[in-house]
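A.B. asks: This is the structure I want to talk about, given as structure tokens.
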């Protein structure tokens, strides 16, 4: 019995000594943190950051619009047009009346674009340049279906406006209207593009093309045929009409897009008339009344076949 107790005592003592020696010779390495760890608080959702102002986008301010440069470039190329109309009174007597408008020099050798209604039925067309020089103009051609006319004066080295791309014009873009309202020569007004592709049914020709640029730049009588330019001074439209109940400007003005005008004057210059392919069909805007009439026609045709 004593031998068993001694054996247990020796075993326990040996175990304790073994553990002690292991702890002594295999001490754990100490890790020293030399830099403090900063505690960061994060929001649970993106919405929390938005409402707290923690996530905001920085917007770069747009460059200020420079109307001065565009106006100084384009104004010298806008002309005053006076059209004389001869009305026969008796066999030998004629009574002359005059109308006025604006035009735009589009080439240094004297080609001028204006509206058809500014020069239509005119016996004489007189132009006054921005520098007060006066010329009598020759009518190269006129197209009532787009309200565009092309004139020519005998002059060279004239200031002119380059064509811009009217298809790239954006709604809300700044534009400048230059013309001669109420015989006030070289008048500049500014506005924005309000809409594109407007059809206001003012051209009565069956093959008329209306796709006006609508602006809120101030346009009045005498502005017809004048320039609508962008802030680069490029021609993007020919001012043609306003919608008004008072006879004066009420906030809606319309210009013929420069891309359309450029195509028309190219034909007028080469052929003296507009050349356009025709499909032999007419196009109308769909209305509720038209849709109902077409549905009734289809029903009638179906019943007749039955």
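The values are calculated or read from the model by the stated rules, or taken from the named source; none is laboratory data. Please read these numbers as outputs of a predicted model, since none were measured by experiment. Backbone-built Cβ (ideal geometry, glycine too); neighbour counts: all protein chains shown.
A.B. asks: Would you check which residues across the range 67-85 are within 16 Å of residue 233 (Cα to Cα) and either touching a helix residue (DSSP H, G or I) at 6+ places or on another chain (Cβ under 7 Å) or part of a helix (DSSP H, G or I) (or both) and list them?
C.D. replies: 67, 68, 69, 70, 71, 72, 73, 74, 75, 76, 77
Residues checked against (1) over 30 Å from residue 107 (Cβ atoms); (2) in a helix (DSSP H, G or I); (3) at pLDDT below 80:
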| position | (1), (2), (3) |
| --- | --- |
| 239 | no, no, no |
| 246 | yes, no, no |
| 259 | no, yes, no |
| 277 | no, no, yes |
| 301 | yes, yes, yes |
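A.B. asks: At least 3 residues that are within 26 Å of residue 98 (Cα to Cα) and out of contact with any helix residue (DSSP H, G or I) (no Cβ under 9 Å at 6 or more places or on another chain) in each: list the strands (runs of 3 or more DSSP E) lying fully within the range 116-212 that qualify. Can you show your working first?
C.D. replies: Values: elements: 124-128, 134-136, 138-143, 148-152, 174-179, 187-198.
Of the strands (runs of 3 or more DSSP E) lying wholly inside the range 116-212, those with at least 3 residues that are within 26 Å of residue 98 (Cα to Cα) and out of contact with any helix residue (DSSP H, G or I) (no Cβ under 9 Å at 6 or more places or on another chain) span 124-128, 134-136.
A.B. asks: Moving on. Name the residues in the range 112-140 that are within 12 Å of residue 268 (Cα to Cα) and surrounded by fewer than 20 Cβ atoms within 10 Å (Cβ to Cβ), would you?
C.D. replies: Once the filter is applied, which keeps residues that are within 12 Å of residue 268 (Cα to Cα) and surrounded by fewer than 20 Cβ atoms within 10 Å (Cβ to Cβ), the range 112-140 yields 139, 140.
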